[in-house]
Amino acid sequence: MGQFVLTGSQQFGLMSTITKSLAGSVGLVQLLPLALQKLETKNYSDSLLINGHGEFTAMYGDARYGIESAIEQSRRHERILCKLLERLDIAGRSHKKPDFHHVVMVHPKAIIERPQANAFDTSNLIKADQFPTWHARFIDKQG
């Protein structure tokens, strides 16, 4: 099992005074990876339109901009994270791939125009203030 130090922007290996500044104040804590949750957050302050093909458009006033699908971006991040966990040989006690649930949160004041659910599922695209309710429903579904 690897040892990790969460440092923010500091890189302990490059700091020459690390032994002096941290002498006696460093401890090793082993964290058991019980679950891995990753949330995508997007800051759309105006409107977000998703069509039946899953294409995203950000609208700012009268201007429209085609943008990358936040849902597909989250799936891409999942693939990258899985490769990283595999490369670093990080696994939970069960040694299985983590479960990912893609949730994209947007600003509470954003306006979301959605397609019909049977055309493209946007149920995991929520306003940030709706997360507690979404999470409670998600937990209920999991049993």
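Number of residues in the stretch 87-125 that are within 25 Å of SER69 (Cα to Cα), out of contact with any strand residue (DSSP E or B) (no Cβ under 6 Å at 6 or more places or on another chain) and among the β-branched types (Val, Ile, Thr): the value is 1. If you go through the stretch 60-79 and keep only what is surrounded by 11 or more Cβ atoms within 10 Å (Cβ to Cβ) and more than 17 Å from VAL104 (Cβ to Cβ), you end up with TYR60, ARG64. Going through the stretch 58-72 one residue at a time, which ones are farther than 13 Å from ASN124 by Cβ and not in a loop (DSSP other than H, G, I, E, B)? Selection gives ALA58, MET59, TYR60, ALA63, ARG64, TYR65, GLY66, ILE67.
Scanning the stretch 120-138 for residues that are closer than 21 Å to ARG75 by Cα and either exposed (fewer than 12 other Cβ atoms within 10 Å of the Cβ) or touching a His at 6+ places or on another chain (Cβ under 8 Å) (or both) yields PHE120, SER123, ASN124, LYS127, ALA128, PHE138. Filtering the stretch 28-57 to residues that are modelled with pLDDT under 70 and not in a strand (DSSP E or B) leaves LEU28, VAL29, GLN30, LEU31, LEU32, PRO33, LEU34, ALA35, LEU36, GLN37, LYS38, LEU39. Here ASP121 meets the list (1) in a loop (DSSP other than H, G, I, E, B); (2) in contact (Cβ under 8 Å) with a residue 12 or more places away in the chain almost entirely, failing just condition (2). When the stretch 92-118 is filtered for residues that are hydrophobic (A, V, I, L, M, F, W, C) and free of Cβ contacts under 8 Å to residues at least 24 places away in the same chain, only ALA117 remains.
Every condition in (1) touching a Ser or Thr at 6+ places or on another chain (Cβ under 7 Å); (2) part of a strand (DSSP E or B) is met by HIS102 except one, and the failing one is (2).
The values are calculated or read from the model by the stated rules, or taken from the named source; none is laboratory data. Only a predicted model underlies this, so the values are computations on that prediction, with no experimental measurement involved. We place every Cβ from the backbone using ideal geometry, glycine too, and count neighbours over all the protein chains shown.
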